[in-house]
Amino acid sequence: MSSADEILRRMEEIQAARAEAIKPLAGLLEERGELQRKLAALDEPYGKAFAQAEAAGWTADELMALGADEPVKRPRRPRGKRSGPKKTAAQSTAPAPETSAPTAAVPAQGSVDGTAAGTTGSLSG
């Protein structure tokens, strides 16, 4: 059997080896975090540049074929007024005028003579 001192010495050796093994990971985690922050800071200007290239006539597929990745963040479009004609209050609340013209019967879909397709009355098969 091992003595308590030997068990503690072995435990300390194991812990020391584990501590040494994590040092490179700790350093790389710090460097990786810094690079991720730098990349995140480029997301917005990259998205704007990508959108400007599209506005100049390039398609997203063409840009990606050239090696540009689809941007993570695209610039937000400004929310402005629509350019279409505005309705007046009378137009938006007035009911549609009724017409007195008689309505014609609408033939069934797929028919020529007003009968539904497949219901000609004959049992040909």
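Taking the mean number of other Cβ atoms within 10 Å as a proxy for protection, how do you rank 2-8, 68-74 from highest to lowest?
Put in order of decreasing packing, that is 68-74, 2-8.
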Checklist entry - Cross-link partners among aspartates and glutamates for Lys23, C-alpha distance below 14 Å, same-chain residues fewer than 8 apart left out? => result Glu31
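Laboratory data are not the source of any read-out in this text; all were calculated from the coordinates shown. Just so we're clear, the structure is a prediction, and the values are computed from it rather than from any experiment. Positions of Cβ are generated from backbone atoms using ideal geometry, with glycine treated the same way; all protein chains shown enter the neighbour counts.
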